[in-house]
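Before any comments, here is the structure.
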Amino acid sequence: MTKSMLSASRLVFVFLLTSLALVAFAEPNCNIYKMENNMPCYEACVLATTGGGEQGSRKSQEKFDKAIEQCPALDYAYMEKSVPYLKRGEFITWKKLIDKAVELNPTLHLGYRGWCRYQFLRDYRGAIKDFERLDTLFPHDIGYSQNGDYQLTIVKALCYSAIGEKDKAITIIEAQLGKKGYSPMVYDYLHLGVLKMETEDIAGSIESLTRSIALNDYLAEPYYYLGLIYKSKNLKAEYKSAMEKAKAYYLKGYKRFDPYTHPMHKVYLGDIDNELSIAQTF
Amino acid sequence: MIQKISWPFLLIVVFASCQKSKTEKSAYPDHVGDIAFDEKTDDPNFKICLNGRIPQYYEFGKSLQYKGEKPAIDKHFEILKQNESTAESGYITIRFVVNCEGKTGRYRIEEMSNDYQPMSFDKKLVEKILTLTRELNGWIVGGDQAHPVDYYQYLTFKIEGGKLIEIMP
């Protein structure tokens with residue numbers, strides 16, 4: 001298989017994973033209410049899922065209010081109404097609304113709430129609570145993050161790592177990667193590699209970061225962390241080369257990115273430049 | 001004759017008053033997160049360039065835009081990591097506008113406990129964070145060079161035991 005074919009297949013793979021995440025969070029099927037002869041909720045559901053103002057506009061928020069008034073059990077309307085508050089930093093209002101959605105339909109919204117607590121607020125302990133409750137509801141697979149980047153068990157592991165339980169995080173990630181039928185997501189091995197580096201399992205770290213590159217060679221991050229390992233082992237040429245590659249990738253736009261927040265273990269140009277200046281005199 | 005003139009006039013008045021009360025009754029601004037000018041707290045010299053809806057930072061698809069990226073912001077607030085220990089934990093969020101010249105204004109503060117309830121931190125800490133936020137001068141303007149635009153940005157400070165732990169987004 002040529003390199004371009006490999007690249008194309010990776011892109012298709014990422015697209016499929018993203019699509020799966022979106023499907024998992026699709027609009028409700030309003031016809032279910034119709035089949036139950038629950039016409040107020042059917043009409044409210046249709047109202048909430050049809051157009052009417054851009055996200056966060058007064059028209060849109062009032063539309064969800066009308067839907068909720070007509071069908072107080074319509075969790076979808078609470079969830080959608082909460083989103084602009086989350087994205088715009090009004091977290092008290094967001095939490096009240098998403099809590100209501102979770103109360104009405106925990107199986108659908110718990111994973112999303114946990115992901116948002118991790119992504120937007122670094123509320124690691126709160127996110128762990130949501131994911132562990134979800135574990136009891138879906139023991140085999142708790143689903144994927146809203147942006148399609150992660151299986152949520154991996155996010156749970158990242159939360160544990162952030163509160164200092166790095167060994168536990170590694171165990172969780174490795175168990176997930178070893179599950180039958182699980183296809184590694186694009187950042188799984190990157191995080192595993194960084195965690196192993198931080199716990200001084202250097203051989204394990206190199207192996208994971210190398211696997212990260214094999215899975216997705218469109219990231220500066222694994223090269224940067226490999227560079228740090230080479231530096232610690234006094235491998236000057238390898239250190240410099242890895243940092244140069246990290247910089248080249250970064251400048252091409254091959255780096256971790258999220259339009260809303262800063263992903264964990266993301267590296268920045270200043271970090272790479274700093275290492276390159278050290279490498280010159282190493 | 002008087003009655004014939006009065007009825008249409010009355011209808012217009014009633015219609016206009018209904019429209020007015022509809023706007024007044026809405027619990028929402030034009031867009032969630034909008035920050036209207038408040039003459040009591042906001043700098044009247046802070047210029048808003050857009051004549052219409054101000055977009056959010058994430059609408060440009062570039063995440064937070066600051067010279068030196070996130071590490072420059074982290075470094076600017078590093079002093080807060082050395083704060084004296086207190087019993088206070090939670091989040092302080094400062095929302096503001098970055099205008100088309102890269103200047104900031106219209107600051108709004110939300111203080112929240114770890115269980116997402118409103119709370120009040122020590123005033124000195126909040127004031128310190130606000131002052132440091134005002135001092136940030138590396139914001140990159142929204143849009144492009146030919147058409148620079150204002151945008152809304154926020155910074156959330158996660159505080160544990162009175163010390164800064166992380167800055168979001």
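Structure above, values below:
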read-out	value
Residue in segment B:21-38 that is loosely packed, with under 10 Cβ neighbours inside 10 Å, modelled with pLDDT under 70, within 27 Å of residue A:94 (Cα to Cα) and among the β-branched types (Val, Ile, Thr) present	yes
Restricting segment A:256-270 to residues that are touching a Phe, Trp or Tyr at 6+ places or on another chain (Cβ under 7 Å) and either away from chain B (no Cβ under 14 Å) or over 14 Å from residue A:209 (Cβ atoms) (or both), the residue that is surrounded by the most Cβ atoms within 10 Å (Cβ to Cβ)	A:261
Residue check, residue B:71 closer than 24 Å to residue B:151 by Cβ and either facing another protein chain (nearest Cβ under 10 Å) or loosely packed, with under 15 Cβ neighbours inside 10 Å (or both)	yes
Selection status of residue A:127, among the small types (Gly, Ala, Ser) and under 16 Å from residue A:265 (Cβ atoms)	no
Any chance residue A:126 is in a helix (DSSP H, G or I) and either over 19 Å from the mean Cα position of the chain (by Cα) or within 14 Å of another protein chain (Cβ to nearest Cβ) (or both)	yes
Residue A:142, sole failed condition from (1) β-branched (Val, Ile, Thr); (2) crowded, with 19+ Cβ neighbours inside 10 Å; (3) without any contact (Cβ under 8 Å) to a residue 24 or more places away in the chain	(3)
Residues within segment A:129-139 that are surrounded by fewer than 21 Cβ atoms within 10 Å (Cβ to Cβ) and either touching a Gly at 6+ places or on another chain (Cβ under 9 Å) or in a helix (DSSP H, G or I) (or both), tallied	7
Some residue of segment A:101-119 being assigned to a loop (DSSP other than H, G, I, E, B), more than 14 Å from every other protein chain (Cβ to nearest Cβ) and over 16 Å from the mean Cα position of the chain (by Cα)	yes
Of all residues in segment B:94-143 being on the phi > 0 side of the Ramachandran plot and in a loop (DSSP other than H, G, I, E, B), the one that is nearest to the other protein chains (Cβ to nearest Cβ)	B:116
Matching residues in segment A:253-279 - criterion: being touching a residue at least 40 places away in the same chain (Cβ under 8 Å) and not in a loop (DSSP other than H, G, I, E, B)	A:271, A:272, A:275, A:278, A:279
Leading residue by the ranking (surrounded by the fewest Cβ atoms within 10 Å (Cβ to Cβ)) among those in segment A:39-58 that are on the phi < 0 side of the Ramachandran plot and facing chain B (nearest Cβ under 9 Å)	A:54
Test: residue in segment A:227-247 that is within 14 Å of another protein chain (Cβ to nearest Cβ), surrounded by fewer than 19 Cβ atoms within 10 Å (Cβ to Cβ) and free of Cβ contacts under 8 Å to residues at least 24 places away in the same chain	no
Hey, residue B:159 within 14 Å of chain A (Cβ to nearest Cβ), farther than 22 Å from residue B:43 by Cβ and assigned to a strand (DSSP E or B) or not	yes
Index of the failed condition, residue B:63 passing every other in (1) at pLDDT below 95; (2) surrounded by fewer than 16 Cβ atoms within 10 Å (Cβ to Cβ)	(2)
Checking residue B:112 against (1) closer than 30 Å to residue A:128 by Cβ; (2) surrounded by fewer than 18 Cβ atoms within 10 Å (Cβ to Cβ), the condition it does not meet	(2)
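The values are calculated or read from the model by the stated rules, or taken from the named source; none is laboratory data. Bear in mind that the values here come from a model prediction, so they are computed numbers and not experimental data. We place every Cβ from the backbone using ideal geometry, glycine too, and count neighbours over all the protein chains shown.
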